[in-house]
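First up is the structure itself, then whatever we jot down about it.
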Amino acid sequence: MTTAGLTAGLERIPDQLGYLVISEDGVLASAGELENDEHTAAVMMQMVRTASRFKLPGSPEPPFKRMSVTLEDFVYMVTVSGQKVFVVKRQNNQQEPINA
Amino acid sequence: MGCCYSSENETTEQDPDERKPLIPHPNPVSKPPNGTDWIPTSVPSARTDEQALLTSILTKTAQNIIDVSAADSVMMEQHEYMDKARQYSTKLAVLSNTLPQKKSLALPSLTSQPHQVLASDPVPYSDVQQVSKIAAYAYSAISQIKVDAKEELVVQFAIP
């Protein structure tokens, strides 16, 4: 898949504010609010690595498709496909505040 | 061979001293106290049962206690500790050199359609709220775990 192929679908995601495509070697593509955001890329990479180490007995591996980091105004959504980590920052349109 | 996976039956090329416990087992199961290890076949079965029960109680007790007074008598000299420490460090250094460079874990494939997965609806607010609540409960429960000392760790056996 070319870089354009990787990002074309990301551009069309509803309410997206920016995205990152990361490989083991670093950021392959970035746009919007996440443009050249190496810091967020590193944090998301670490988080998804940690999350993918969780094993649930008896469940198919891996146990999840997407990791969501939910904040008050926006959500980071992360998934892994073909040795690449895809991160999308989307607006959080849900009205109620989250009292964590 | 990782440390976590090594098992006790891997005894090839082992220095016998290496696995010698610092505190020797005070009462090995193979050597029960006098009079309990051999039961004549002629005794009535009731007595045999009693003996067997006593033996099992003794064995269980011996397994559950660490005789600290015995540990004092086999005190290692300072230099022996140093020797052991050095021996272990050398062994570890050799082993860590033979380990393949730990490559960071390959990324798992979570989906074959990343765009679809990322474009789908966000997690409902009620679900996020429920998870937050459960996490808060779990945090609260974990923070309340504490050790409640009920009895002395070292006790004297009252032997008449």
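Quick notes
- Residue pairs exceeding 27 angstrom between C-alpha atoms, taken from A:Lys65/A:Lys89; B:Lys84/B:Lys146; A:Lys55/B:Lys150: B:Lys84/B:Lys146; A:Lys55/B:Lys150.
- Nearest-10 value in Å² for the accessible area of B:Val154, using the 1.4 Å probe: 90
- Amide H contacts of A:Leu34: A:Tyr19, each under 5 Å away and 5 or more positions distant or on a separate chain (H built 1.01 Å from N in the peptide plane; Pro and chain starts excluded).
- The residues neighbouring A:Pro62, those whose beta-carbon lies less than 10 Å from its own, together hold a net charge of +2 under the Lys/Arg +1, Asp/Glu -1 convention.
- Sequence-separation-based contact order of chain A, relative, with Cα cut under 8 Å and 6+ spacing, percent: 28
- Per-residue mean of C-beta atoms belonging to partner chains within 10 Å, peptide A:77-90: 5
- Gain upon complete extension [B:Ala149, B:Ala46; 0.36 nm per residue less C-alpha separation]: 33.1 nm
The values are calculated or read from the model by the stated rules, or taken from the named source; none is laboratory data. Remember, it's a predicted structure, so these values are computed and weren't measured experimentally. Please note: Cβ atoms are built from the backbone with ideal geometry, for glycine as well, and neighbour counts cover all protein chains shown. In case anyone asks, the SASA skips ligands and DNA or RNA and just uses the protein heavy atoms, side chains included. Shrake-Rupley method; radii C 1.70, N 1.55, O 1.52, S 1.80 Å.
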